[in-house]
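Step one of this worksheet: look at the structure below.
The values are calculated or read from the model by the stated rules, or taken from the named source; none is laboratory data. These numbers come from a predicted model, not from an experiment. Neighbour counts run over all protein chains shown; Cβ positions are idealised from the backbone, glycine included. In case anyone asks, the SASA skips ligands and DNA or RNA and just uses the protein heavy atoms, side chains included. Shrake-Rupley method; radii C 1.70, N 1.55, O 1.52, S 1.80 Å.
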Amino acid sequence: MSNLKINGKTLLKIGYPQSPVFRIAMNVVEQHYSHYTEEEVIELLTKVLADPAAYADNAILGEIAAGLLQPAVPDVIALRETPVPYAIYGESYIDPGAVRQLNNAVRLPVAVSGALMPDAHQGYGLPIGGVLAADNAVIPYGVGVDIGCRMCLSILDLPVQSLLINETSYTQQLMKFTKFGAGAEWKKREADPVLERSEFKDIRFVKNLFDKAAGQLGTSGSGNHFVEWGIATITDPGNEWQLPAGSYVALLSHSGSRGLGAQIAGHYTQLAKELCVLPDHAKHLAYLDLNSEAGQEYWLAMNLAGDYASACHHLIHKRLIEASGAALLARVENHHNFAWKEIHQGKEVIVHRKGATPAGKGVLGVIPGSMTAPGFIVRGKGETDSLQSASHGAGRLMSRTQAKAAITTQTLKQQLEEHGVTLIGGGLDEAPGAYKNIDTVMAAQTNLVEVIGQFLPKVVRMADGGPPED
DNA sequence: ATGTCC
């Protein structure tokens with residue numbers, strides 16, 4: 001049995017229009033004609049293209065025929081001249097490119113309001129650190145490529161000294177129970193309720209991602225993702241867990257939905273761009289109407305990816321906490337790449353937070369610093385102007401390329417030594433110097449969150465720097 | 001962010 005897939009180039013060559021029919025044809029071929037030769041498939045698709053109406057009632061090819069009978073390219077949707085208002089926090093530290101991107105977003109016809117966090121920098125579509133409330137529409141690139149990218153902090157009942165005395169065993173645990181790198185999968189798979197979800201059966205596109213998702217459950221990926229042992233210090237005696245103020249061993253992880261979320265993001269962004277054509281400078285902000293089939297599908301797939309990301313963190317924490325023999329005292333976790341249905345100013349809106357921490361009144365979150373700077377455990381103040389959001393970290397000061405050129409291995413080593421941090425993996429593009437000063441960023445958002453504690457990394461694991469190794 | 005191609 002061959003594994004024939006037809007690619008976009010082939011479809012273009014035989015004259016298929018660049019419309020949703022492209023993807024439909026590829027899916028149909030993959031699902032029903034993978035045993036055909038390429039010549040046979042081309043012959044079949046050419047026949048359908050020549051007379052789509054003749055295939056309209058065909059059980060398999062009817063889908064392609066319907067796509068061909070639709071108008072090929074929808075009209076360009078104009079941005080509004082007048083933007084909806086938005087607040088900026090820490091404007092003097094924000095990359096002007098990020099401001100330009102939010103200026104586009106708040107002119108979308110579906111925009112209701114927006115906000116820009118003090119760690120903002122340029123992304124695709126909505127900037128990282130961008131928040132946008134939309135009316136009954138969701139922007140796949142307003143959520144980001146890594147759907148459900150999130151933080152999870154577990155505070156444990158281990159004496160702080162054990163981390164300092166037995167550092168080697170904590171390092172070994174990280175080596176044994178975490179897995180990093182693009183495409184990384186565990187050989188032995190773990191059962192988990194998230195893998196039983198009906199979305200894996202009901203949404204055709206998502207169904208094809210199941211196998212990879214099952215293999216990648218409990219892995220961490222690459223880039224800025226990490227798992228680290230460190231010391232959490234609770235400073236608020238009125239904390240939610242009635243923990244005595246003081247220091248605890250804690251585990252902090254940062255990662256998302258791996259290949260599953262990336263594929264979902266890519267697929268539905270592409271679909272959105274076909275269905276919602278915006279002026280060129282705003283094209284990545286293409287949105288899906290939540291009443292449309294595509295919009296509803298994305299919403300379900302996005303929520304699945306979010307829950308999958310959460311399950312990944314929980315599996316990592318479960319394994320490491322069990323290995324350490326500790327008991328869990330408290331946990332704080334939050335998505336920072338996601339969209340939610342929320343009520344703002346008395347109206348239900350879709351709030352996109354792309355690199356932004358939910359900060360509703362009393363809502364707890366974690367804002368990481370860098371591998372040598374503290375992260376913060378925060379409680380949201382429910383500020384209206386920020387759409388109840390805060391930064392998701394310190395934010396980049398240098399691009400990855402800039403950081404690799406400006407920072408030396410020697411500098412990184414020295415900084416790690418000064419702060420007593422052990423690093424496994426990690427590239428120069430993730431060095432502390434590549435990030436803004438977290439204290440400056442926190443000072444710009446005192447109206448958004450209150451600090452109830454902090455976290456200092458001690459043993460950090462990240463993907464190896466440079467190209468993936470295995 | 002991701003094995004960068006719908």
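Points to keep in mind about this one:
- Gap separating the Cα centres of region A:1-45 and region A:181-253, nearest whole Å: 37
- Spatially, region A:391-470 and region A:267-311 are offset by 31 Å when compared through their Cα centroids.
- Per residue, chain A reaches -10000 deg cm²/dmol at 222 nm when only DSSP H runs of four or more residues are counted, each adding -39500 (n - 2.57).
- Percentage, to the nearest whole number, of Cα pairs in chain A over 30 Å apart: 49
- Cα-based helix-to-principal-axis angle, A:21-32 vs chain A, degrees rounded to 10: 90
- Nearby lysines by direct alpha-carbon distance to A:LYS341 (threshold 24 angstrom, same-chain neighbours under 8 apart not counted): A:LYS273, A:LYS283, A:LYS354, A:LYS361, A:LYS381
- Lys/Arg +1, Asp/Glu -1 at C-beta; chain A dipole; positive extreme among A:TYR435, A:ILE147, A:ALA282: A:TYR435
- Distance from region A:144-167 to region A:85-134 (C-alpha centre basis), Å: 30
- Debye equation applied to the C-alpha atoms of region A:276-330, log10 I(q)/I(0) at 0.14 Å⁻¹: -0.61
- For region A:8-69, the convex hull drawn through the C-alpha positions has a volume of 71 cubic angstrom per residue.
- The rule of thumb for compact globular proteins, 2.2 N^0.38 Å, goes into the C-alpha radius of gyration of region A:231-366 1.32 times.
- Counting Cα-Cα pairs of region A:5-114 in 10 Å increments starting at 0 gives whole-percent bin shares of 13, 32, 14, 16, 19, 7, 0.
- Subset of A:LYS179/A:LYS318; A:LYS188/A:LYS212; A:LYS404/A:LYS436; A:LYS176/A:LYS207; A:LYS179/A:LYS212 violating a 19 Å alpha-carbon distance limit: A:LYS176/A:LYS207
- Among A:ILE14, A:ALA59, A:HIS32 - extreme Cα towards positive end, dipole of region A:8-69, charges at beta-carbon: A:ILE14
- Sequence-distant contacts, meaning Cα pairs under 8 Å at least 6 residues apart, place the relative contact order of region A:5-95 at 27 percent.
- DSSP-defined beta bridges in chain A - what % are antiparallel, rounded to 5: 90
- Region A:150-464, relative contact order [Cα under 8 Å, separation at least 6], %: 23
- Residue-wise HN-Hα coupling along region A:5-11, computed from phi with Karplus coefficients 6.51, -1.76, 1.60 (Hz; x: Gly, Pro): 10, 9, 10, x, 4, 4, 4
- When the alpha carbon gyration tensor of region A:395-461 is reduced to an equivalent ellipsoid, the three semi-axes, largest first, read 24, 17, 9 Å.
- Three-way shape call for region A:54-165 based on the alpha-carbon gyration tensor, with the a/c threshold at 1.5: oblate
- Among the protein heavy atoms of chain A, carbon and sulfur supply 51% of the accessible surface, probe 1.4 Å, non-protein parts ignored.
- The mean accessible area for residues of chain A, using a 1.4 Å probe and ignoring ligands and nucleic acids, is 43 Å² per residue.
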